[in-house]
Each structure stands twice: as C-alpha cells, then as structure tokens.
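Step one of this worksheet: look at the structure below.
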Amino acid sequence: MSNYAKLQNGSDIRGVACEGIPGQTPNLTLEAAGDIARGFLAWLCRKTGRRPENLKLAVGRDPRITGKDLLAALMRGFGPWGVRVLDCGLASTPAMFMATVFSDFSCDGTIMITASHLPFNRNGFKFFTPAGGLNKEDIQAILAFAEDPAKAAEVLGELAGGADAVFAGSDQAVFTAEPADIITPYAAFLRELIIRGAGLGERPLEGMTITVDAGNGAGGFYARKVLEPLGADIGSSQFLDPDGMFPHHAPNPEDRAAMESISAKTLEAGADLGLIFDTDVDRSAAVDSHGREIARNGIIAMAAALVAEDHPGTTVVTDSITSRQLTEFLEKKLKLKHFRYRRGYRNVINKALELNGEGIDSQLAIETSGHAALKENYFLDDGAYLATKIVIKAARLHTEGKAIDSVIEDLKEPADEQEIRIPIQAEDFAACGSKVLMDLEEYVKETDGLSLEKPNYEGVRINFPKGWCLLRKSLHDPLLPMNIASDVPGGCEEIRKVMARFLLQYEELDRSVLK
C-alpha cells in the first residue's frame, strides 16, 4: 500500500512532481495522481450520495511543467467511472472554485493543479466543492481512499459507462476531458465588479496606469482581460506570460526579490498602482505610486479599510504574526475588532466562519501572506478579488486627485522585524516543539519585564518592553519559527539575545541559527 499521507499539506496536496533539484526525488507521481483522482471521486460520491456518472468535475492548472501530465493522470483515475470532466486549461485557483458557482458550469467538484509559490519541480492539488475549499480532514479521507483501491471501489460501485475512451493498448485506456474556458467568464465577473463598484462608466480606469506582475504564473489575465478593457494602461506590466520554470523571480508576494521587482517597476513607470500575484492567484499584494509595498500588515490594513466602508465594527480575523501597530490601526482608526488567530489560510477562514455562526459579524479573514477571504465572496481566498477591491478604491480616489496610499496613511509599521526558523532535530519533532513552548511559558512567567500575550491561539507570544516575539511550531515542518518585532530601530537583536539564552539549553534544536 502506498503512503500517500506524506503528500498532505494541510488542506492541500503537494509533492515533488519531477526531477530537477538535487536531493528531491519525485513522490507526486503520475500513478499517485490517478489514485488521488479515484480517491477524490469516492470521497465526493460518499459526500453527495450520487453516482459518479451523475457528477460533473472541472480541472485547471497553473503553468508548471508537470501540469499537463498530471491532468492526464487524473483522467486515468476519473475516466473509468463515467464522471464528466471539464479541462479548464490554464486557470487560477479562485476561478476553479467559481466553476462550482457560475451557472454555465455548475460543477460538483473542482481541482486546481498547483503548488502555489513553490519551485518548478513541485506540484499539487487544491480541491473545491460548492461549499468551498476542503479542510485537512477531507484531504485525509481522500488520501485514505487513494491508498486503498478496494475501499474506493466499494464506494464507487461497478464501473459506470459514458466515458469516451480511446484504447492505447490492450489493457490501457486514454480518457479525455472536455475543453472549457473558465477564465473568460471569471474575468468578466471581475470587470463587472469594477464597473459597478467604481461608478464611473464602462471604462472607469481611463487615465490610470496600473503595473501588474504575474511572476510568469497564471495571473497575466488580470492585466489583459480585466484592467486593459476597462481603460487602464498596463504597458508597464511584467512577467505576464506563463512560464512554468518561473525564470524572473519566485511568483510570491512574500518573496523579497519579487516585491523589490514590482516596486521598482511601478516607480519607474510612474504608475498609480502596482499589483503582484502568486502563481495560482489566490494571493496578492500591492505597491503605491511611490513604490512602497502594501504587503503583510499593509495588505491586511488595506483590505480591512475597504471592508470597513460597508461593514463598520466587523471583526477581522488574521494569522498570529501581525503587529501591534496593525491592531492599533484596525481597532482605533477603523473602529473594527481584531481577532488574531493562527497561521494557515484555512485556519483564519474557518475561524471567521465559526464567528459568524456564533452571531459575531466577521467580514474578512486574511493572512499576512496575502491570502484574503471576504464574506461577500464566499469566504474564498482570492488574490484577484482583493486586487479588484483595491482597483475600485484607486479609481475613485483618482477622480479626487488622491492616491491609494491615503487609505492606510495612518498605519504605523514596526521599526525592526526578524524571522528566525529554528530546525528541530528530534525524531518526534512535534513533541519536542510542544515541550519547548510549555517551558517557555513558565520562563516568561518567572522573568521580570516579560509577559504573555492573552488571548493567544498559537505558540507563545511574549510582550517585551519595546517589542514582541512569537515562537510557534510550523504547520507542517520540523521547525520552530520565531517572529520578532521591535518598536525601536535595531531592537530585534536585544529580543533575540533573550530568546537565545532560553533556547540554547535544548540540544534537540539546531542552535547554530541562534548564535
């Protein structure tokens, strides 16, 4: 039996899909993809109570070099069961969810073939139903079916007819999906949002220059199919053409080189606004006309300010590494409530859903990574939708002679920030990490000048006289990430020294990163 559980990455599946980086052996094989397709179908049939031939699925992909082969492998898993499958080609992750929403598609489930911002040799799958993205428990169930063909077949029943098969050999069939275009209606959906939201006619972006950086991922359509038809000058945009080797920079709004590149290009072009997407367009960040980044705490502040216009007093759920200054901006300037929760985009989305279920209005769930999910948009983390909200505001401000940075001009940033990732070398790294965190809580309680942040939902967050530190376990890896922020320039070093004195006692940690 295959051990596919190792491919789980929270609420996604990710793995090494091809050779190309020394020491990284492929584990997301074509055989694995076929088994996972069968596992997803079995899971979906059980969930819906419907036979496979009565279901409609859609599959899209980012431009990674293994995408087409993985699609063919998925079809080998789907095809024998008679399920109808649409091949949406190059697409974005949010667009693939919308294939469950748009009436011309009305899919029962969709898959996006992507590994987000990871290197070219990686790939993976993100799954959706009309209820939204799957949770980690759903992925566990899918992988359990993938590992046990007999169990999956028991759910699926006897082979269903209806699939077009061309036999390539005596014992192998090639199953084909129906071509479909999801990006065209998705782009039209976003254009209509801008037209209605800006209230400036059919070409509301006339006279504006907007620089888009797609990082050679799937986001080039946003410049060409959304902004340009509405009048924007997109001539300064870069890396719009898909290239699965990502030759220019990592397609990642958290990558320093990527942000420096879009900032420089926006400034050079004299653009009103810069926008950057990750590979599969579920994350985004922005740049103002001065070339200054609107990312991490800044993108949260921007999204919250836009939501606050229509939903005063709402609760904004964020991940755990946001700054003190952001909380002050949200609560004192915007008069919103800040619920600082845990890392992981599904974690913040699920917490917002939970709060709404308890009668607490939460319109926005957002990570510092750029994953932003709005209640008005199915709580889908959609980088293009957030960019659209920003573009609408920028268009309105443009008519007043103002720039987008005016929205968050009162946001202050930490004077100094650091992140240190501490490897755990113990075999049972989860237990070791838990022990370190438990000991740290006691250490803080006994140390003058330090205090524990309360409430706190992840790791140990410590208040220092002029800053703070969060030590937590990584979501998936044998690591203790440590985030430090200081209110004074150079102040992170003093906090790091205090933390190092405590952490150096643990031989199970790679202490070299602390020295």
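The values are calculated or read from the model by the stated rules, or taken from the named source; none is laboratory data. Remember, it's a predicted structure, so these values are computed and weren't measured experimentally. Neighbour counts run over all protein chains shown; Cβ positions are idealised from the backbone, glycine included. Calculation scope for accessible area: heavy atoms of the full protein, side chains included, ligands and nucleic acids excluded. Shrake-Rupley method; radii C 1.70, N 1.55, O 1.52, S 1.80 Å.
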Neighbourhood charge, 15 Å Cβ-Cβ cut-off, centred on Ala5 and excluding it, Lys, Arg +1 and Asp, Glu -1: -2
Is it possible to state the helix-based mean residue ellipticity at 222 nm for the chain, with each DSSP H run of 4+ residues giving -39500 (n - 2.57), the sum divided by total residues, to the nearest 500 deg cm²/dmol? What is it? -10000 deg cm²/dmol
How much of the accessible area of segment 43-149, in percent, comes from carbon and sulfur atoms when a 1.4 Å probe is used? 47 percent
Step through the residues of segment 21-29 one at a time and calculate ³J(HN,Hα) from phi using the Karplus curve (6.51 cos²θ - 1.76 cosθ + 1.60, θ = phi - 60°), rounding each to whole Hz and writing x for Gly and Pro. 10, x, x, 10, 8, x, 10, 8, 7
What number, in percent, do you get for the relative contact order of segment 1-122 if the mean sequence gap of Cα pairs under 8 Å and at least 6 apart is divided by its residue count? 30 percent
Label point distance in nm, Glu19-Lys335, each placed 7 Å from Cα along Cα→Cβ: 6.4 nm
Please tell me the relative contact order of the chain in percent, rounded to the nearest whole number, where contacts are Cα pairs under 8 Å and at least six residues apart. 11 percent
Would you mind calculating the relative contact order of segment 26-93 from Cα pairs under 8 angstrom and at least 6 residues apart, reporting the percent as a whole number? 46 percent
In whole Hz, the Karplus estimates of ³J(HN,Hα) for segment 393-399 (6.51, -1.76, 1.60; θ = phi - 60°; x where Gly or Pro) are 5, 4, 5, 5, 5, 4, 5
From the Cα gyration tensor of the chain, with a ≥ b ≥ c the square roots of its eigenvalues, which class applies: rounded if a/c is under 1.5, or else prolate if a/b is larger than b/c, or else oblate? oblate
Distance between modelled label sites at Lys151 and Leu504, nm, 7 Å Cα→Cβ extension: 4.9 nm
With every protein chain present, what is the per residue accessible area of segment 10-74 (1.4 Å probe, Å²)? 39 Å²
Could you derive backbone 3J(HN,Hα) for segment 473-483 from the dihedral phi with the Karplus parameters 6.51, -1.76 and 1.60 (θ = phi - 60°), listing whole Hz in sequence and x where the residue is Gly or Pro? 7, 4, 5, 9, 10, x, 9, 10, x, 10, 9
Using a cut-off of 23 Å between alpha-carbon atoms, which lysines can reach Lys389, once sequence neighbours fewer than 8 places away in the same chain are excluded? Lys225, Lys265, Lys332, Lys333, Lys335, Lys337, Lys351, Lys375, Lys402, Lys412
